[in-house]
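Each reported figure results from applying straightforward, stated rules to the coordinates on display, with no laboratory input. This structure is a prediction, so every number in the text was calculated from the model and none was measured. Ideal geometry is used to build each Cβ from the backbone, glycine not excepted, and the neighbour counts take in all protein chains shown.
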Amino acid sequence: MIVLLSRSKTFIPSFRRVFAYYSTSLPNTLDIAGKKYDTDSNYTNVTPSILSHVNENLHLRKHHPINTLRELIENTLNSVDNTFKTYNSFSPIVTTYQNFDVLDIPVDHPGRSKSDTYYINKDYLLRTHTSAHELECFHDLLLQENITNRGFLISADVYRRDEIDRTHYPVFYQMEGARIWDRSSLALLKSDLSKLENKLLDIDKGKNIIRLIVQDDVSLEGNPKQNYMTMEEYDLCSRHLKRSIELLIKQAFAQKIKNMTTADINQTTTELNVRWIKTSFPWTAPSWEIEVWWNGEWLELCGCGLIKQDVLLKAGYRSDSTIGWAFGLGLDRIAMLLFEIPDIRLLWTKDERFHQQFRDGAITSFKPYSKYPGSMRDMAFWLPDESLYVELHENDIMEIVRSVAGNLVESVKLIDKYRTPDTNRTSLCYRINYQSMDRNITNQEVNKLQELVQDQLMSKYNVILR
Ligand code: PHE
């Protein structure tokens with residue numbers, strides 16, 4: 001869910017695009033968080049339902065699992081050498097330059113498309129990742145007098161048009177981390193690395209130990225270093241990056257088992273398998289992802305790499321002067337693992353039965369208070385003739401369901417797709433499961449929602465219901 005580069009979606013091929021949500025009544029301007037933005041019928045695809053999440057700031061709400069996890073990671077990383085400056089209140093509205101161009105994300109990258117990203121107009125969008133703020137934070141570090149304070153952590157809400165299921169929500173939280181060193185003082189990098197390694201050893205002397213079993217192919221094959229760095233710099237910097245992320249994973253899971261085990265056991269050791277995978281991001285080289293083995297599958301938690309010199313130059317650093325790393329991790333996914341939260345919508349619930357369970361700020365498992373039954377509806381339709389065809393992406397269908405049913409929808413799945421060989425018509429069938437986390441919903445209510453979804457799909461995309 002997190003990695004910008006690994007997003008691929010069903011595109012139902014297109015001829016022209018019409019914008020869905022305000023198509024009949026797109027206002028000339030949108031007032032978001034106290035500022036006015038001009039709309040643009042070719043670009044604007046934010047919906048009132050999405051905009052209602054701006055300013056919710058779950059990551060700053062006392063005792064909310066996202067906030068607890070953010071604080072835990074900030075404290076863990078700063079417990080080593082107190083180097084990270086924290087930024088937790090950047091506005092989610094950024095320019096295409098901040099979100100994409102500055103990071104060298106190619107113009108044809110799928111992450112830029114209107115089917116994946118919420119645009120306010122041609123130039124402004126809801127950030128799709130916290131990397132959108134890297135440049136200003138690097139620049140900010142450059143201006144600081146205290147040269148030893150050379151790292152930052154940014155936590156914020158990010159927005160992506162996406163599928164609907166228990167782990168995907170169009171708004172989620174990321175934490176971006178970065179650290180830099182002057183190349184003229186490699187001794188500092190070396191001592192920072194040994195402090196970090198000592199910290200990892202120290203944790204192992206504690207009561208509840210997470211032993212990380214790490215798979216890591218450290219060769220540069222297929223993931224080359226940047227030319228301006230020496231092998232030694234590459235080696236030190238990438239080790240500092242990897243150990244920092246391993247430290248935060250280890251601490252977070254140690255906190256979890258601390259609350260699972262009884263007080264009279266002297267020491268417990270739990271093994272956790274993690275692996276580093278080579279990958280690529282346009283603004284880091286080399287680049288990696290870390291995955292953790294959890295409940296029988298590899299889960300990706302974080303993308304990272306050594307910052308490309310180009311980003312540092314744009315932020316005002318002297319050529320060949322600085323090396324560093326950056327990571328971006330998904331807070332919701334880690335919080336769901338740690339607090340055993342089965343459905344991402346729970347993070348957004350206002351139900352006290354959820355919030356009262358986390359009042360002490362500890363990492364404890366969520367106890368379901370009630371499981372309200374779901375109600376399934378299938379929606380089968382023909383795509384229209386070419387002459388009436390309007391571009392339709394699977395995410396457009398998701399968006400209609402989201403804007404009609406909000407948090408009353410648990411999942412939407414394509415269950416059938418076929419093309420008639422003779423008439424060349426395409427039929428799709430989606431299964432929608434309506435279900436609330438907080439209450440019972442009546443059949444009547446579900447019928448009404450389903451009707452609204454179908455009406456919108458017909459009127460905006462000319463589909464023919466079957
Ligand atoms: N922003 C990337 C994502 O959302 C993660 C990342 C951050 C990768 C920083 C490299 C460096 O997938």
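Results, tabulated for the structure shown:
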item: 5 angstrom amide H check on V409, placed H, neighbours 5+ away; result: Q435
item: Spatially proximal aspartates and glutamates relative to K314 (Cα-Cα < 12 Å; intrachain offsets below 8 disregarded); result: D101, D104, E134, E136
item: Set K62/K195; K199/K258; K190/K278 screened for pairs whose C-alpha atoms are more than 27 Å apart; result: K62/K195
item: Built amide H within the under 5 Å cut-off of V158, gap 5+; result: F172, Y173, Q174
item: Furthest towards positive pole of dipole, M336, Y234, G34, structure part the chain, Cβ charges; result: M336
item: Long-range HN-HN contacts of Y87 with modeled amide H, under 5 Å; result: L153, I154, S155
item: Set of lysines near K371 by C-alpha distance (under 23 Å), chain-local residues within fewer than 8 positions excluded; result: K350, K413, K448
item: D81 paired with M231, simple spin-label distance in nm, labels 7 Å along Cα-to-beta-carbon; result: 2.4
item: The chain, relative contact order [Cα under 8 Å, separation at least 6], %; result: 18
item: Reach of K205 by Cα under 19 Å, taken over aspartates and glutamates that are not fewer than 8 positions away in the same chain; result: E197, E246, D264, E271
item: The stretch 372-466: relative contact order in percent, alpha carbon pairs under 8 Å with at least 6 residues between; result: 45
item: ³J(HN,Hα), Karplus 6.51/-1.76/1.60, whole Hz, each residue of the stretch 365-378, x for Gly, Pro; result: 6, 5, 10, x, 8, 5, 10, 8, x, x, 9, 8, 9, 9
item: The chain - charge dipole about Cα centre, Lys and Arg +1 at Cβ, Asp and Glu -1, debye rounded to 20; result: 640
item: Cα-derived Rg over Rh, computed across the chain with Rh taken as Kirkwood radius; result: 0.99
item: T29-Y97 FRET efficiency (beta carbon distance; Förster radius 22 Å; 0.05 resolution); result: 0.55
item: Sorted by Cβ density within 10 Å, fewest first, the residues W181, W348; result: W348, W181
item: Interatomic Cα distance distribution for the stretch 326-388, bins of 5 angstrom, percent; result: 3, 12, 19, 18, 10, 8, 7, 7, 8, 5, 2, 1, 0
item: Karplus 3J(HN,Hα) series, Hz, for the stretch 37-44 with 6.51 cos²θ - 1.76 cosθ + 1.60 (x for Gly, Pro); result: 10, 5, 8, 8, 4, 7, 10, 4
